[in-house]
Structures are given as C-alpha cells and as structure tokens.
Amino acid sequence: MLAKGKGHFTRREFLSKSLSSITAAGLLSISGKKPPSHIQRELVQRPEKNIIYRTLGKTNIHLPIVSMGVMNTLDSAVVKKSYEIGVRHFDTAGEYMRGRNEEMLGNALKELNVRDKVIISTKVFISLFQRGMSPEEMKKIYLKKAEESLKRLEMDYVDILYSHNVYDIKWLNNPGIIEALHLLKEQKKARFIGFTTHQNMAECINEAARTGFYDVICTAFNYSMHDDEVLTDSLKNAASKGIGLIGMKTQCGGRFLDLENVPIEKQRYYRRNILHTAVLKWVLKHDLITTAIPGYTNYKQLEEDFSVAYDLDYILEEKKFLQDKNVMLALKAYCKQCSRCVPTCPYGVDIPTLMRIHMYALCYSNLSLAQDTLNEIPNGKGLERCISCSQCEASCANRVDIANRIDELGKITAGKKFDWEFIQIRKQRGVPLNHN
Ligand code: SF4
Ligand code: SF4
C-alpha cells in the first residue's frame, strides 16, 4: 500500500488505451454515446505500485493522492469501481443527501467487505441556528449526530471525523465540540479528528496549528487560489506541526462561466467545463496536500481523476488551459468565501453562503445540497433581502458578479424552493453530470 512512483503510460496513452478497450468491449455505441455509469465496463487497471502515495501528517495513514468525494452520488457502482482501480479514501458527511450518501457508501463497502482496507471520513454539521447553544447542549447534539452517522454507515468507527464547515476561531475552539470530539476519539469511534473549512481558511488553519488539537484539516484549495500566499503559508504552518492536509473543492466548481463566449441570457445553461486533470494536478503538485477528494459521479470522471494519481506532469493541453488568460480571468471569479463583501451589504445578506449555494446548484447540479444550505440561512439574510444594487461587488477582489448570481438563484427558486425541472432542462441541453 506504500508504493510510490509514476505510471508506465502518459495520461493520453492511458485514456486512449481505455477508450480502445471500451470500444472493443462493444460498450460505445456507433453514435459515440457513453453507457450509463451503472453499466459495468472495464477501466484500464495499472499496477498498484505505480500509484503515488503520501502520508497524512502524523496519522501514519498512507493514501493514494486521489481519493473520492462521495457527496454527489448515490451510485454504489462508482464507489465499487473506485475501490477496484485503487481509491482507498472515501469522504462523505451526515448532511449529504440527507444521510443517504452515508448509507450508500456504508452498503457498498460492506458488499465489498473491505472496511479495514479503506479510510473513511465523515462530518458532523451543526446548523447555524444551533450554534448559539451552551457547550453542554452542543456536546450532546454533536455526539448524537456522530452516532447517527455511524449507524447510517453501519460502522463501529470512522477513520476521520470532521467538525464540518468551520469558518471562525470561536467555532473551531467551541468547548462543546472539542469535548465531543475528544470523547469520540477516546471511545475509538473516530481514529482521528479534524475540521473542514471553505471560508476564512487561513485563519482557521493557523489557529489549528497553534492549538494542535486537530489531526487533519480538509480545506478548500484550488487553482483559483494560485496567488493566495496567506493560504499557502497557513498550509505550510499546519504541515510543519504534523497536521494532515486534504484538499477539497479542488475542481474549481467543476464548470465556469467563460464570459467571452457566453451570451448573458444563456449563461445559466452554457458553462464551460474545467479541464479536470489540469486543476487536480495543480493542487497535488503541492506535496503538503496528502490527497484530494474530487467529487466525481461516473466512470469516465473517475478514470479522468484517478489518472492523475499515476503522473503529476502536465501534458501540453493542461499547460495551455492553466496559462489561458481567459480561463484565469473566469476562474478568478470563483468565490473564495472570504466574507469581505459581507459588511458592505446594507441589508445584511449572507453573500458567501448564497455564492456557495449558487455553486452547488449551477456548477455541481446538486439541488438537494443547495436546498438544504438555502434552508440554513436565517430569515432576513437570504435571497429575499437582495435588491441587486451591486454595492457589494466593489469589495470583492475576485470580481464575483454577486448581484447577477443572486438574481440567477432567485430565478431558479420559486420563493425558497429549487425548481427540480431546472435539472432536467440542463440535462437536455447537454450540461454534464456533477464533477466538482
Ligand atoms: S463574493 Fe467575493 S468578497 Fe464575497 S465571499 Fe466571495 S470571494 Fe469573498
Ligand atoms: S447586491 Fe444584494 S447582496 Fe449585494 S449589496 Fe446589494 S443588496 Fe446586498
């Protein structure tokens, strides 16, 4: 499980060999249509010894550099195929698909009978409405939620248990959460403990490095942050203290708006795809990051992402993508959840959360997660408060078109509910499946 090294094939050779094996197996129709993901097809199996592994901080866990973010799928065949081709870490959360994501993952691994060969992480999320509770109440509810996750996963323990969605130091050091995590570790229900962060990451990561309480940090980290030295320094700081680092949101949202080519009235349907291998390699070329958890949802995406685990060298097409000024400009408009815009809104709109919901809905096509996150926004801070004045946009260094995105969200939510037909329209128009 510890072998390091590079593959025998370049990515191009790998993909072309895969393609020929699929064609030979008769699984590509003459029209070139891909089979649905649940149809078994053979992916090219390369020697496990060529997979690049890294060690997760002081945990002594060794992992392939590409893992699976399970969040957007209920397709157990994708989980099983992932294991078969070498994925050893699967990441889920109690709130993904309202618990069904954990249930599916638990079932799939049980059927494979490989619990002791994989690293499972899950997350406990405390709703924003509950965050004002006393430490005693907080500990109680946290323990209850952790037990519910274990039950859904049908496991006695998870390898990593995260406190989900940490964005400030106060929450990071909440005594109720700290006590609950400590107890769960003592009871051997969580081998290691950590937190996830996609907002105000550098501050939280530096604080975790200072306290030394957390074993692992799962942080948003992607190419749109290539010039964020404060974040990179915080990662170095945490790594120097032996904290294991896992990269999430590595695919820059999966799709982006290529402003040059998309007529404004069609923007909601015509987003351009990220070149996934390019942005994934960019993340993993930072060897402080042990592994990344891209959220692929079918075999083709799995094959694409896992090819990176054998070879981190860019091919020409990837170099061109990363150097393309239009791509860089478009990716710059990725919301980094820095919260700088918040004080500039006279109506107190929760802009970072709305930007995240926009990404879940329009880039991930994960409407259940978008809906759950929308429900989390307290009254008076949501879509209804925004008057599209654009005042906030001047404060956003990334030039995120905040008012436009809020307007788009308004159009695809009838009041507070997402329009499920919207997904169908996107599918008909050829918008690809989730891959983030
Ligand atoms: S919209 Fe801009 S300023 Fe606001 S949280 Fe996102 S990146 Fe930061
Ligand atoms: S556009 Fe909306 S979110 Fe931005 S400042 Fe105006 S009301 Fe607030």
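Numbers at a glance
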| quantity | calculated |
| --- | --- |
| The stretch 395-418: number of residues that are more than 19 Å from Cys338 (Cα to Cα) and not in a helix (DSSP H, G or I) | 6 |
| Sole residue being away from ligand 2 (no atom under 16 Å from the Cβ), more than 23 Å from the chain's Cα centre (by Cα) and of a type in the set (Lys, Arg), chosen from Lys381, Lys332, Lys325 | Lys325 |
| Total residues in the stretch 119-142, condition free of Cβ contacts under 8 Å to residues at least 40 places away in the same chain and surrounded by 20 or more Cβ atoms within 10 Å (Cβ to Cβ) | 1 |
| Members of the stretch 96-136 found to be aromatic (Phe, Trp, Tyr) and over 19 Å from the mean Cα position of the chain (by Cα), listed by number | Phe129 |
| Residue that is modelled with the highest pLDDT [pool: residues in the stretch 406-436 that are surrounded by 15 or more Cβ atoms within 10 Å (Cβ to Cβ) and within 16 Å of ligand 1 (Cβ to nearest atom)] | Ile406 |
| Residue list for the stretch 156-172, restricted to those being touching a strand residue (DSSP E or B) at 6+ places or on another chain (Cβ under 7 Å) and closer than 17 Å to Lys188 by Cα | Tyr157, Val158, Asp159, Ile160, Leu161, Tyr162, Ser163 |
| Residue match in the stretch 386-405 (condition: at pLDDT 85 or above, of a type in the set (A, V, I, L, M, F, W, C), away from ligand 1 (no atom under 15 Å from the Cβ) and out of contact with any helix residue (DSSP H, G or I) (no Cβ under 7 Å at 6 or more places or on another chain)) | yes |
| Elements of type helices (runs of 4 or more DSSP H) contained in the stretch 303-367, each with 1 or more residues being within 30 Å of Lys49 (Cβ to Cβ) and more than 10 Å from ligand 1 (Cβ to nearest atom) | 316-323 |
| The lone exception for Glu265 - which of (1) exposed (fewer than 15 other Cβ atoms within 10 Å of the Cβ); (2) at pLDDT below 90; (3) not in a helix (DSSP H, G or I) it fails | (3) |
| Residue satisfying all of: in the stretch 151-202; basic (Lys, Arg) and modelled with pLDDT of 95 or more; nearest to Gly99 (Cα to Cα) among these | Arg152 |
| Flag if Thr197 is out of contact with any Pro (no Cβ under 7 Å at 6 or more places or on another chain) and within 16 Å of ligand 1 (Cβ to nearest atom) | yes |
| Residue within the stretch 102-113 that is farther than 20 Å from Asp215 by Cα and without any contact (Cβ under 8 Å) to a residue 24 or more places away in the chain present | yes |
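Rundown of residues vs (1) outside the structural domain of His198 (by TED's automatic domain parsing); (2) outside any helix (DSSP H, G or I); (3) more than 30 Å from Lys336 (Cβ to Cβ), yes/no style:
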residue	(1), (2), (3)
Gly99	no, no, no
Ala108	no, no, yes
Ser121	no, yes, no
Ile126	no, yes, no
Met138	no, no, no
Leu150	no, no, yes
Trp171	no, no, no
Ile177	no, no, no
Leu181	no, no, no
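The values are calculated or read from the model by the stated rules, or taken from the named source; none is laboratory data. Keep in mind the model is a prediction, meaning the values are calculated, not measured. Glycine gets a Cβ as well: all are built from the backbone with ideal geometry, and neighbour counts include every protein chain shown.
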